[in-house]
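S.K.: Before we start, here is the structure in question, set down as structure tokens.
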Amino acid sequence: MRYARPETPAEASRLLAAEPGLARVMAGGTDLLVQLKSGLVEPDLIVDIKHLPGAAMITREAGGFRIGAAVPNQALGEDRDLVAAWPGVVEAASLIGSTQVQGRATIAGNLCNASPAGDSVPALVAAGAVARVTGPNGERDVPVQQIPTGPGKTSLARGEFITSILLPARPARAADAYLRFIPRTEMDIAVCSAAVNLELDGKGVVARARVALGAVAATVLEVDVSAALVGTRLDDAALDKLAKAASAAAKPISDKRGTVEFRTHVVGVLARRAARIAYERAAR
Amino acid sequence: MTGTLVTSKVNGDEVQFIADPGETLLDVLRYKLNLMGAKEGCGTGDCGACTVTLNGRIVCSCLVLGVEAEGATIGTIEGMADGNRLHPLQQAFIDHAALQCGICTPGILVAAQKLLERNPDPTEEEIRYWLAGNLCRCTGYDKIVRAVQAAAAQMRA
Ligand SMILES: Cc1cc2nc3c(=O)[nH]c(=O)nc-3n(C[C@H](O)[C@H](O)[C@H](O)COP(=O)(O)OP(=O)(O)OC[C@H]3O[C@@H](n4cnc5c(N)ncnc54)[C@H](O)[C@@H]3O)c2cc1C
Ligand code: FES
Ligand code: FES
């Protein structure tokens, strides 16, 4: 195995594309090194993207936030403006692993690892985040939900990798929230999860809503909840419809963490509770 | 397999070592730099016994490659005491009997020191969450929390 630390995205992409064996991008390494040690992946080349220009920075862009692919999750919680604008994305990223893992793990890594249970992924999808992808044919912007295509699989072509993720600008009365169910309070993988992103009008009526669910399908699942939520003040009837829509959309499997029935029910409960939190935050 | 020459700063001193690309920072620290404080409890990021600081953040050194340390600043438990004078956290761990076998202790001390640097007056809940990635099979955690609280109080005084 070889290790490379390119200094430009073009060089990184060239290295990835030119490797005849298996090449792997490394950001925080909190998935990659565990997989490597267990023999799950045996890369011939590791391309460390932490030293690319801007990779470790959060920059303001058109009222939104461009998060470099090497920004550790702990740094998200340290950016007050980001926490104020996207509290749900930050709380989702902050749930990933321990403080030690937080010092290394990235949201781009969480997305590209493509686990159906990746905690930041539903929040990024509900937020309408856009990944900037660099590859042999230049740069393209891709909505984050198009990156994972199945457990451990992404739509990234050979030589392509994510350089940053953009969280868009926010109107005044808007907020998001993320909840997961785990049997303990820390350090566990989501049994199922829900992210809700709401925009309210001046009267506190929901104008736009996006909901994404985790660990109830092979990839993150976005659910169209406009019919349930838009035009309401999130009364009980609206929340009931939301919970029903979430449970109806869920296509989970049964495993040691939970059964189909349990996940189907709980994901509705989580969507409902996350919507409440997002609404309260947005109305503040 | 050819090694890479890596230069980094460990506990304030510049060090150089040759690392194989697959070698972890933990193995480099222990077996190339002879810093045996950080321990391998699991090797998979779950136990925190290998905790060190890397460029100002705490990390599991079992999930860092040695070659990644090029140009980095690293802090280990060996850098905590000031000569023979123990750090208040170290002293508090002794006074409060916050260790038994001691395997988890170096990692917990490094993690707790970073917590107190960021938050000199953490609540019990904040301490427990911050240290959630540091497993201890002996103490039941209570004495660890008390020791961190005591050290924090002393350091604020
Ligand atoms: C103890 C522990 C607890 C954890 N707990 C959780 C948890 O609660 N929730 C959770 O969701 N995850 C958890 N994880 C998994 C992991 O920490 C996260 O998935 C993390 O976000 C991965 O980010 P990373 O930067 O470390 O990725 P890496 O390990 O660097 O990379 C992960 C994968 O994505 C690819 N990749 C990384 N960056 C890019 C990029 N920019 N472009 C293209 N491909 C890329 C890599 O090649 C690799 O295949 C845990 C891990 C550990 C060790
Ligand atoms: S040895 Fe690194 S976390 Fe357990
Ligand atoms: S003192 Fe033995 S593991 Fe903590």
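The values are calculated or read from the model by the stated rules, or taken from the named source; none is laboratory data. These numbers were taken from a predicted model, which means no experiment stands behind them. Reconstructed Cβ throughout: ideal geometry from the backbone, glycine too, with neighbour counts over all protein chains shown. The protein model used for the area step is the full one, side chains on, heavy atoms only, and it has no ligands, DNA or RNA in it. Shrake-Rupley method; radii C 1.70, N 1.55, O 1.52, S 1.80 Å.
S.K.: With a 1.4 Å probe and every protein chain left in place, work out the accessible area per residue of chain B in Å², rounded to a whole number. Walk me through the numbers before you get to the answer.
M.R.: Details: 7210 Å² over 157 residues.
So chain B comes to 46 Å² accessible per residue, rounded to a whole number.
S.K.: Quick one: among B:Val15, B:Val59, B:Val110, which has the greatest mean-square fluctuation in a GNM of chain B with alpha-carbon springs under 10 angstrom?
M.R.: Greatest mean-square fluctuation among the candidates belongs to B:Val15.
S.K.: Looking only at B:Ile108, B:Ile58, B:Ile94, which one moves most when chain B is put into a Gaussian network model with springs between Cα atoms under 10 Å?
M.R.: Among B:Ile108, B:Ile58, B:Ile94, the largest GNM mean-square fluctuation belongs to B:Ile94.
S.K.: Another one. Going toward the positive end of the dipole of the protein assembly as shown, with +1 on Lys and Arg Cβ and -1 on Asp and Glu Cβ, which of B:Leu65, A:Gly258, A:Met187 do you reach last?
M.R.: The one lying farthest along the dipole's positive direction is A:Gly258.
S.K.: Further question: Is there a simple number for the mean count of other chain Cβ atoms within 10 Å of the Cβ of residues in B:51-63, and what is it? All intermediate terms of the calculation are to be shown ahead of the outcome.
M.R.: Working: counts 4, 1, 1, 3, 4, 1, 8, 8, 11, 10, 1, 4, 14.
Going residue by residue through B:51-63 and averaging, the value is 5.
S.K.: Let me ask you something else. Considering amide H positions built from the backbone, and no H for Pro or chain starts, which residues 5 or more places from A:Val25, or on another chain, come under 5 Å of its amide H?
M.R.: A:Val47
S.K.: Any lysines with Cα under 27 Å of the A:Lys244 Cα? List them, leaving off those in the same chain fewer than 8 positions away.
M.R.: Once the sequence-local lysines are set aside, what remains near A:Lys244 is A:Lys203, A:Lys256.
S.K.: Same structure again: Cross-link partners among lysines for A:Lys251, C-alpha distance below 21 Å, same-chain residues fewer than 8 apart left out?
M.R.: Within reach: A:Lys153, A:Lys241.
S.K.: I've got another one for you. Please give the FRET efficiency for A:Ala17 paired with A:Lys251, using the beta carbon to beta carbon distance and R0 = 30 Å, rounded to the nearest 0.05.
M.R.: FRET efficiency, A:Ala17 to A:Lys251: 0.30.
S.K.: For the stretch A:142-284, what is the largest minus smallest coordinate of the Cα atoms on each principal axis, given in angstrom and ordered from greatest to least?
M.R.: 47, 37, 29
S.K.: Same structure again: To the nearest whole number, what is the average tally of beta carbon atoms from other chains within 10 Å of the beta carbons of peptide A:89-100?
M.R.: Values: counts 0, 0, 0, 0, 0, 0, 0, 0, 6, 15, 15, 22.
Rounded to a whole number, the mean comes out at 5.
S.K.: From other protein chains only, count the Cβ atoms within 10 Å of every residue's Cβ in A:71-80, then give the mean.
M.R.: Working: counts 0, 3, 0, 2, 1, 0, 0, 1, 0, 0.
Per-residue shielding by partner chains comes out at 1.
S.K.: Any idea what diffusion coefficient the protein assembly as shown gets from Stokes-Einstein, in µm²/s, Kirkwood Rh on alpha carbon pairs, 37 °C, 0.692 mPa s? Display every interim value, and only then the final one.
M.R.: Details: Rh = 22.8 Å.
For these conditions, the coefficient is 144 µm²/s.
S.K.: Can I ask one more? If the only charges are +1 at each Lys and Arg Cβ and -1 at each Asp and Glu Cβ, what is the size of the charge dipole of the stretch A:56-167 around the Cα centre, to the nearest 20 debye? Let's see the in-between values first.
M.R.: Working: 8 positive and 9 negative charges, 52 e Å.
Roughly 240 debye for the stretch A:56-167.
S.K.: Sticking with this one: Name the residues of the stretch A:16-52, by number, that are at least 40 Å² less accessible with every protein chain in place than in the isolated chain; the surface is that of heavy atoms, probe 1.4 Å, without ligands or nucleic acids.
M.R.: A:Leu33, A:Val34, A:Lys37
S.K.: Taking the inverse of the average 1/r across all pairs of different Cα atoms in the stretch B:88-156, what Kirkwood radius in Å do you get?
M.R.: Values: mean 1/r = 0.0866 Å⁻¹.
Over the stretch B:88-156, the inverse of the mean reciprocal pair distance is 11.6 Å.
S.K.: At 18 Å minimum axial length over the Cα atoms and a Kyte-Doolittle cut of -0.5, report the qualifying DSSP H helices in chain A, or say none. Don't skip to the answer; put the middle values down first.
M.R.: Details: long enough: A:236-249 (20 Å, 0.33); A:260-283 (34 Å, 0.15).
Helices passing the filter in chain A: A:236-249, A:260-283.
S.K.: Okay, moving on. In the calculated pair distance distribution of the stretch A:30-98, what percentage of Cα-Cα distances lie above 16 Å? Please report the intermediate quantities before stating the final value.
M.R.: Working: 1351 of 2346 pairs.
Percent of Cα pairs beyond 16 Å in the stretch A:30-98: 58.
S.K.: Around A:Tyr3, which amide H atoms from residues at least 5 apart in sequence, or from another chain, sit under 5 Å from its own amide H, with H modelled in the peptide plane?
M.R.: A:Ile46
S.K.: If the only charges are +1 at each Lys and Arg Cβ and -1 at each Asp and Glu Cβ, what is the size of the charge dipole of the stretch A:174-282 around the Cα centre, to the nearest 20 debye?
M.R.: Numbers: 16 positive and 13 negative charges, 26 e Å.
Taking the Cα centre of the stretch A:174-282 as origin, the dipole is about 120 debye.
S.K.: A:Asp235 label point, 7 Å along Cα→Cβ, cut-off 18 Å on backbone N: hits in the stretch A:184-204?
M.R.: Backbone N within reach: A:201, A:203-204.
S.K.: Rg(Cα) of chain B divided by 2.2 N^0.38 Å? Show your work: numbers first, answer last.
M.R.: Numbers: Rg = 15.5 Å, N = 157, 2.2 N^0.38 = 15.0 Å.
Against the compact-globule rule of thumb, the ratio is 1.03.
S.K.: Let me ask you something else. If you count, for each residue, the other Cβ atoms within 10 Å and average over each peptide, how do B:21-33, A:101-113, A:255-267 line up from highest to lowest? Intermediate results must be reported in sequence, preceding the final value.
M.R.: Details: B:21-33: 21.0, A:101-113: 26.3, A:255-267: 17.2.
Most protected by this proxy first, the peptides run A:101-113, B:21-33, A:255-267.
S.K.: Over all Cα pairs of the stretch A:91-173, how is the pair count split among 5 Å bins, expressed in % and running from 0 up to the last occupied bin?
M.R.: In whole percents, the pair-distance histogram is 3, 15, 25, 24, 18, 10, 4, 1, 0.
S.K.: Viscosity 0.890 mPa s, temperature 25 °C: Stokes-Einstein D of the stretch B:1-83 from its Kirkwood Cα radius, in µm² per second?
M.R.: Numbers: Rh = 12.5 Å.
For these conditions, the coefficient is 196 µm²/s.
S.K.: Under a point-charge model restricted to the Cβ atoms of Lys and Arg (+1) and Asp and Glu (-1), what is the dipole moment magnitude of chain A relative to its Cα centre, in debye to the nearest 20? Walk me through the numbers before you get to the answer.
M.R.: Details: 33 positive and 29 negative charges, 76 e Å.
Computed about the Cα centre, the dipole is about 360 debye.
S.K.: For an R0 of 22 angstrom, estimate the FRET efficiency from the Cβ-Cβ distance between A:Arg140 and A:Arg208 and round to the nearest 0.05. Could you put the intermediate results ahead of the total?
M.R.: On the way: r = 26 Å, r/R0 = 1.16.
Here the calculated transfer efficiency is 0.30.
S.K.: Could you work out which residue, out of A:Ala23, A:Ala246, A:Ala237, moves most in a Gaussian network model of chain A, that is, has the largest mean-square fluctuation with Cα springs under 10 Å?
M.R.: Highest fluctuation among the options: A:Ala237.
S.K.: Could you compute how much accessible area chains A and B hide from each other, both sides summed, with a 1.4 Å probe? Nearest 100 Å² is fine. Mind showing how you got there, number by number?
M.R.: On the way: alone 12820 and 8270 Å², together 18880 Å².
Chains A and B together bury approximately 2200 Å².
S.K.: Still on this model: Over the stretch B:88-156, what percent of the accessible surface lies on carbon and sulfur atoms, probe 1.4 Å?
M.R.: Working: 1740 of 3360 Å².
On the stretch B:88-156, the fraction of accessible area on carbon and sulfur atoms equals 52 percent.
S.K.: Compute the Kirkwood hydrodynamic radius of the stretch A:152-233, taking the inverse of the mean of 1/r over all pairs of distinct Cα atoms, and give it in Å to one decimal. Show your work: numbers first, answer last.
M.R.: Working: mean 1/r = 0.0652 Å⁻¹.
Computed over Cα pairs of the stretch A:152-233, the Kirkwood hydrodynamic radius comes out at 15.3 Å.
S.K.: Taking the alpha-carbon centroid of each part, what is the distance from the stretch A:88-139 to the stretch B:68-137 in angstrom?
M.R.: Cα centroid of the stretch A:88-139 versus Cα centroid of the stretch B:68-137: 29 Å apart.
S.K.: Additional query: Give the cross-link partners of B:Lys9 among the aspartates and glutamates, using a straight C-alpha distance below 17 Å as the criterion and excluding same-chain residues fewer than 8 apart.
M.R.: Partners within reach: B:Asp27, B:Glu68, B:Glu70, B:Glu78.
S.K.: A further question follows. Could you work out the helix-only [θ] at 222 nm for chain A, with each DSSP H run of four or more residues adding -39,500 (n - 2.57) and the total divided by the number of residues, to the nearest 500 deg cm²/dmol? Before the final figure, lay out the partial values.
M.R.: Details: 11 runs with 96 residues, N = 284.
Result for chain A, helices only: -9500 deg cm²/dmol.
S.K.: Here is a follow-up. How many Å² of accessible area per residue for chain A, probe 1.4 Å? Kindly include the intermediate steps, with their values, before the conclusion.
M.R.: Numbers: 11670 Å² over 284 residues.
Heavy-atom accessible area per residue stands at 41 Å².
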